[in-house]
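Since the structure comes first, as structure tokens, the remarks are kept for the end.
The values are calculated or read from the model by the stated rules, or taken from the named source; none is laboratory data. All of these numbers come straight from a predicted model, not from anything done at the bench. All Cβ positions, glycine included, derive from the backbone under ideal geometry; neighbour counts span all protein chains shown.
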Amino acid sequence: MTQETTKEVFERLLNDRQYKAIKSIFDTMNPVDTAAILPEFDEKEMVVLYRLIPKENAALVFTYLDADEEQVLIDAISDAELKEILADMYVDDTVDVIEEMPANVVERLLKCASPDARREINTVLNYPEDSAGSIMTTEFVSLFKNCTVGDALKKIKETGIHKETIYTCYVIEKHKLLGTVSAKDLLMSDSDRPISEITDTNFISVNTHTDKEEVAKIFNKYDIISLPVTDTENCIVGIVTFDDAIDVIQDEAEEDFSKMAGMSPSEKPYLKTSVFGFWKMRIPWLLVLMISATFTGLIISSFESALSKMAVLTAFIPMLMDTAGNSGSQSSVAVIRGLSLGEIKFKDIFIVAFKECRIALMCGVSLGIAAFAKIMIVDYMIMHTAGTTVVSALSLSLVICVTLVFIVLCAKVIGATLPMIAQKIGLDPAVMASPLITTIMDSVSLLLYFAFAKLILHLA
């Protein structure tokens with residue numbers, strides 16, 4: 001059944017007031033699919049449909065909605081309904097909702113939350129925005145080290161429904177984290193066996209102030225489903241689950257894509273971002289790049305006399321500048337990827353530079369050969385635009401070929417090392433991607449081009 005067909009079915013049932021039939025459909029639908037269909041209706045219909053969702057799925061569906069839809073529902077439902085939703089939501093999901101809401105809605109949400117939930121929410125909100133503490137949940141299974149497997153299973157049965165995950169349990173003593181126990185080990189052990197005998201003390205944990213991007217890297221490296229978060233005294237205060245880690249990876253990727261495209265990152269979807277919002281995100285970078293590009297014009301102006309003596313040189317400027325920018329972008333993207341995955345460190349800068357030099361020489365020579373063939377065959381023999389003699393055509397070809405080798409070499413070294421230097425001094429490497437490196441290489445390529453032209457063609 002397609003989404004469009006589903007919408008038509010719901011519209012017909014709503015018009016016929018067949019609410020029981022709608023409820024039965026919701027019973028069979030995945031909460032994600034339910035959340036996807038609700039925004040297809042107007043606000044009044046969406047509220048009606050939401051109230052027909054089974055109570056056990058209502059909170060989960062709510063978390064999958066966008067902030068705008070969540071606010072519509074919050075404004076429409078009663079405090080009693082809101083309390084039920086909040087009671088079934090995990091703390092980290094509640095925090096995500098609160099962070100997207102205006103102050104008056106936040107006030108109502110906190111009012112409807114239980115005192116314990118409110119305390120846990122405030123705790124999470126007080127952590128820095130990019131820290132592990134800001135994305136953790138305080139709902140996890142903790143076990144005392146002196147309990148038995150039977151005691152542990154009993155506790156999981158009693159409290160597990162309210163926990164984010166029960167697949168990994170955390171063994172504690174006076175709130176201090178001693179190790180972890182998997183649900184598999186619990187189920188495969190005798191009920192009277194002490195927990196301490198199956199506790200894995202070789203565990204990985206992070207501090208509440210660990211950067212959330214580093215947390216995501218740990219998930220990727222160790223293939224874990226949850227990660228304990230401890231304070232300065234090694235007391236466990238929460239856990240980060242893999243779904244939150246995936247959200248971090250996605251957010252970081254979107255942020256890097258924006259920066260690599262030369263604009264400020266946006267937290268809103270494209271269609272929900274205003275024209276003015278896009279203007280604010282894009283214009284600063286465009287202004288910077290436009291002003292920096294004026295240096296290119298100054299370089300061309302300073303070599304006006306050389307160009308007047310051999311005007312054909314002008315025809316190759318776009319090709320050389322584009323090649324330089326593209327070469328630098330290739331290297332920067334490869335290095336930025338390596339930095340983000342932890343494959344490259346700053347200590348590797350000379351190794352990376354040497355590798356890019358060898359790549360650049362191979363690419364530059366290949367491009368030079370192609371350019372030589374093009375100038376001699378197309379420009380000289382067919383178009384007659386590369387000089388009047390074989391000697392002049394060969395001289396021009398030599399200028400272009402030598403310039404290509406050197407600009408590709410410079411571009412790849414600069415494109416590879418600038419992101420590494422940026423990370424070292426505390427800047428985002430993505431800032432040093434395509435737009436900025438292209439602008440830098442435009443100036444460098446022109447300087448090299450005219451220098452070789454003067455040297456080889458003997459232009460004053």
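Table for the structure above
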| quantity | calculated |
| --- | --- |
| The listed residue being buried (at least 17 other Cβ atoms within 10 Å of the Cβ) and either at pLDDT below 90 or among the hydrophobic types (A, V, I, L, M, F, W, C) (or both), out of LEU86, LEU110 | LEU86 |
| Considering residues of segment 233-268 that are of a type in the set (Val, Ile, Thr) and assigned to a helix (DSSP H, G or I) only, the residue modelled with the lowest pLDDT | ILE249 |
| Filtered residues of segment 405-460 (kept if aliphatic (A, V, I, L, M), more than 29 Å from the chain's Cα centre (by Cα) and at pLDDT below 85) | LEU457, LEU459, ALA460 |
| Residue within segment 44-56 that is under 26 Å from ALA87 (Cβ atoms) and under 30 Å from the mean Cα position of the chain (by Cα) present | no |
| Test: LYS44 is without any contact (Cβ under 8 Å) to a residue 24 or more places away in the chain and either outside the structural domain of PRO31 (by TED's automatic domain parsing) or charged (D, E, K, R) (or both) | yes |
| Any hit, segment 326-347, residues being under 29 Å from ALA253 (Cβ atoms), more than 24 Å from the chain's Cα centre (by Cα), at pLDDT 85 or above and not hydroxyl-bearing (Ser, Thr, Tyr) | yes |
| Evaluation of ARG337 against (1) surrounded by 13 or more Cβ atoms within 10 Å (Cβ to Cβ); (2) touching a residue at least 12 places away in the same chain (Cβ under 8 Å) (one fails), failing number | (2) |
| Hits in segment 159-187 - residues which are assigned to a strand (DSSP E or B), in contact (Cβ under 8 Å) with a residue 40 or more places away in the chain, surrounded by 15 or more Cβ atoms within 10 Å (Cβ to Cβ) and not aliphatic (A, V, I, L, M) | THR168, TYR170, THR180 |
| First in segment 433-460 and over 28 Å from LEU418 (Cα atoms), second anywhere and basic (Lys, Arg) and modelled with pLDDT of 85 or more, Cβ under 9 Å, 6 or more apart | ALA460/LYS454 |
| Near pairs, Cβ below 9 angstrom, 6+ apart or cross-chain, from segment 278-307 (part of a helix (DSSP H, G or I)) to any residue that is basic (Lys, Arg) | TRP285/LYS259; ALA306/LYS454 |
| Check on ALA311, more than 24 Å from ILE414 (Cβ to Cβ), of a type in the set (Gly, Ala, Ser), surrounded by 11 or more Cβ atoms within 10 Å (Cβ to Cβ) and more than 24 Å from the chain's Cα centre (by Cα) | no |
| Checklist (1) within 30 Å of GLU214 (Cβ to Cβ); (2) within 34 Å of the chain's Cα centre (by Cα); (3) among the charged types (D, E, K, R) applied to ARG108, failing item | (1) |
| Residue that is farthest from LEU455 (Cα to Cα), among those in segment 382-397 that are modelled with pLDDT under 85 and in a helix (DSSP H, G or I) | ILE382 |
| Pair list, Cβ under 9 Å, 6 or more apart: segment 75-93 residue within 12 Å of GLU139 (Cβ to Cβ), other residue assigned to a helix (DSSP H, G or I) and acidic (Asp, Glu) | ASP88/GLU56; VAL91/GLU120; ASP92/ASP244 |
| Total residues in segment 188-209, condition in a loop (DSSP other than H, G, I, E, B), of a type outside the set (Val, Ile, Thr), exposed (fewer than 14 other Cβ atoms within 10 Å of the Cβ) and under 33 Å from the mean Cα position of the chain (by Cα) | 1 |
